[in-house]
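The values are calculated or read from the model by the stated rules, or taken from the named source; none is laboratory data. Since we're looking at a predicted model, the values are computed, not measured. Every residue, glycine among them, receives a Cβ derived from its backbone with ideal geometry; neighbour counts consider all protein chains shown. To get the accessible areas, we keep the full protein, side chains included, count just its heavy atoms, and leave off ligands, DNA and RNA. Shrake-Rupley method; radii C 1.70, N 1.55, O 1.52, S 1.80 Å.
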Amino acid sequence: IQMTQSPSSLSASVGDRVTITCRASQSINTYLNWYQHKPGRAPSLLIYAASTLESGVPSRFRGYGSETDFTLTITSLQPEDFATYYCQQTYSPPLTFGGGTKVEIK
Amino acid sequence: EVRLVESGGDLVQPGRSLRLSCVVSGFTFDDYAMHWVRQAPGKGLEWVSHISWNSVSIDYADSVKGRFTVSRDNARNSLFLEMESLSAEDTAVYYCVRDQRSLTAFALDYWGQGTLVTVSS
């Protein structure tokens, strides 16, 4: 299953609403997770099962979608949110990640 | 506190083998499936392998199938990745990762800091 993320990068300001999309090459139900990765640190789970917020993750992170089309929205971008974001399907092996979206400071 | 600590990363020549280890603490190891995920320099995340709590369900990425072998020792809270016939394309930081579930893959909720494997002559 191919996972296509867009955009591959974006520039935004603190306080902006940011949306990242992820498209699966076939239906994956809601077996879709989102991760945040900062340089020099381990990736962290943000959202699982397409829309469930992982414990401890701020509520400004929101996930939507099912079947083939998914979105990650950050409702008000904070300084600590500048990072690379990845989607991942766990519907069937081999598990696959999207190519990543790098969120940079405008 | 959940901890996953990888070791075994090294500089290795093409065609050689290497074994990675991951020791975990802070949770009941045999309640969870585990994964290896890697990131090559300047590239994105790539899932490598999954192993269920009881080692019955094991999967690999196509890029490593037949060359890598994942295993676990629940008595020692340890996860392993045996890598053979290494090539430059295997150069990456390798992460040991816990799954939220015990059998099939679902969500990768705790990650180690990674260990660097460099394949070069």
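Within segment A:26-47, the set of residues being in a loop (DSSP other than H, G, I, E, B), more than 21 Å from B:Arg3 (Cβ to Cβ) and either facing chain B (nearest Cβ under 9 Å) or among the β-branched types (Val, Ile, Thr) (or both) comprises A:Ile28, A:Thr30, A:Tyr31. The requirement of being open to solvent by 50 Å² or more (accessible area, probe 1.4 Å) and not charged (D, E, K, R) is satisfied by A:Leu53. Within segment A:48-81, being of a type in the set (S, T, N, Q), within 14 Å of chain B (Cβ to nearest Cβ) and assigned to a strand (DSSP E or B) holds for one residue alone: A:Thr52. Restricted to segment B:11-69, and to residues that are aliphatic (A, V, I, L, M) and open to solvent by 40 Å² or more (accessible area, probe 1.4 Å), which residue is farthest from the other protein chains (Cβ to nearest Cβ)? Among them, the one singled out is B:Leu11. Of the residues A:Thr90, A:Thr96, A:Thr101, A:Thr84, the single one that is surrounded by 17 or more Cβ atoms within 10 Å (Cβ to Cβ), within 12 Å of chain B (Cβ to nearest Cβ) and in contact with a His (Cβ under 6 Å, 6 or more places away or on another chain) is A:Thr84.
Please verify whether B:Arg76 is touching a residue at least 24 places away in the same chain (Cβ under 8 Å), open to solvent by 50 Å² or more (accessible area, probe 1.4 Å) and more than 14 Å from chain A (Cβ to nearest Cβ), treating the condition exactly as stated. Against the criterion (touching a residue at least 24 places away in the same chain (Cβ under 8 Å), open to solvent by 50 Å² or more (accessible area, probe 1.4 Å) and more than 14 Å from chain A (Cβ to nearest Cβ)), B:Arg76 qualifies.
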